[in-house]
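Written below as structure tokens is the structure these notes are about.
The values are calculated or read from the model by the stated rules, or taken from the named source; none is laboratory data. In this text the structure is predicted, and so the values were computed from the model without any measurement. Cβ sites come from the backbone with ideal geometry, for glycine too, and all protein chains shown count toward neighbours. All accessible areas refer to the heavy atoms of the entire protein, side chains included, with ligands and DNA or RNA removed. Shrake-Rupley method; radii C 1.70, N 1.55, O 1.52, S 1.80 Å.
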Amino acid sequence: MKPKPESPVATSVMPSPNHGERRGGAPTMLILHYTGMAGASEALQRLANPVAEVSAHYVVLEDGRVVQMVPEGRRAWHAGASSWICGPAGPERDINSRSLGIEIVNGGHDGGLPPYPDAQIEAVIALGLDLSARWSIAPRYVLAHSDIAPERKEDPGERFPWDRLAGAGLGHHAPASPIRDGRFFAQGDAGPPIEALQAMFALYGYDLPVTGTFDARTTSVVTAFQRHFRQERVDGVADASTITTLRNLLAALPSR
Ligand SMILES: [Zn+2]
């Protein structure tokens, strides 16, 4: 008998041996990735290869088919070294234990950032909504790999349509504030405004220490933020549009 996927959105199961036991309870986050490889079969093979030691719970193909690779209750190996601030306890660092991972087949930055086909995005939305409902995942914890590992990762990239997901009720979003002239902050700047800026990013959840200096880590976090929330220009510079977008996102958060 063929194994049956847990999500009704999924079409088949291709088991990966790359998983372990979750530490610390049920998943509260949903992390989205691109595969960054030439095609679906290469990606599926790699995610099922014990030598590669990587996996995800689900893989969404370009035509919208969804393959389950790891049982939802198990800890898949998709996030790597990563962190996110979920509350006053400080950064959560075992994101694999706290999350479900979806790999989206796409050539990624190395492949010239090909657009995500409609059928694929519709499948991501349906799967994400199903997982969020069954595991009670809050919209603000639907995140990019680049959000939780800003210095290492850039997936699913600045062509990923987060606004469409949010329009369907998946993820937390605010319209990007228009780009215009005005004061901006960039690497090397220091002082109280930088402290305030870093505190705002940390309040949203980015693991950014408040040092008062616009350092390399700050540039990485601003870049990751732009890939997700202000996609028109991804340059690591905290311009007025970036800061206003962040402020609007914070204002739109449900109080916790
Ligand atoms: Zn990734």
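Some observations on this one:
- Complete set of residues in the stretch 1-25 that are away from the ligand (no atom under 16 Å from the Cβ), small (Gly, Ala, Ser) and modelled with pLDDT of 95 or more: Ser7, Ala10, Ser12, Gly20
- Every test in (1) in contact with a helix residue (DSSP H, G or I) (Cβ under 9 Å, 6 or more places away or on another chain); (2) touching a residue at least 40 places away in the same chain (Cβ under 8 Å); (3) among the charged types (D, E, K, R); (4) more than 27 Å from Ala138 (Cα to Cα) is passed by Asp207 save one, and that test is (4).
This table checks each residue for (1) under 13 Å from the mean Cα position of the chain (by Cα); (2) open to solvent by 10 Å² or more (accessible area, probe 1.4 Å); (3) closer than 19 Å to Ile104 by Cβ.
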| position | (1), (2), (3) |
| --- | --- |
| His145 | yes, no, yes |
| Pro161 | yes, yes, yes |
| Arg183 | no, yes, no |
| Glu195 | no, yes, no |
| Asp207 | no, yes, no |
| Val210 | no, yes, no |
| Ala216 | no, yes, no |
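- Val221 being open to solvent by 10 Å² or more (accessible area, probe 1.4 Å), within 22 Å of Glu92 (Cβ to Cβ), in contact with a helix residue (DSSP H, G or I) (Cβ under 6 Å, 6 or more places away or on another chain) and of a type outside the set (D, E, K, R): no
- Taking the criterion of being under 21 Å from Met200 (Cα atoms) and in a helix (DSSP H, G or I), the residues of the stretch 134-161 that qualify are Pro139, Arg140, Tyr141, His145, Ser146, Asp147, Ile148.
- Flag if Leu113 is surrounded by 14 or more Cβ atoms within 10 Å (Cβ to Cβ) and within 16 Å of the ligand (Cβ to nearest atom): yes
- Test: residue in the stretch 32-50 that is closer than 22 Å to Glu122 by Cα, touching a helix residue (DSSP H, G or I) at 6+ places or on another chain (Cβ under 8 Å) and open to solvent by less than 10 Å² (accessible area, probe 1.4 Å): yes
- Positions within the stretch 81-95 being modelled with pLDDT of 95 or more, under 16 Å from Arg22 (Cβ atoms) and surrounded by fewer than 21 Cβ atoms within 10 Å (Cβ to Cβ), in sequence order: Arg93, Asp94
- Scope the stretch 190-206; condition farther than 14 Å from Val222 by Cα and in a loop (DSSP other than H, G, I, E, B); matching residues: Gly191
- For Val59: the one exception among (1) away from the ligand (no atom under 16 Å from the Cβ); (2) assigned to a strand (DSSP E or B); (3) closer than 23 Å to Arg227 by Cβ: (1)
- Filtered residues of the stretch 82-110 (kept if more than 22 Å from Glu6 (Cβ to Cβ) and within 12 Å of the ligand (Cβ to nearest atom)): Ser82, Asn106, Gly108, His109
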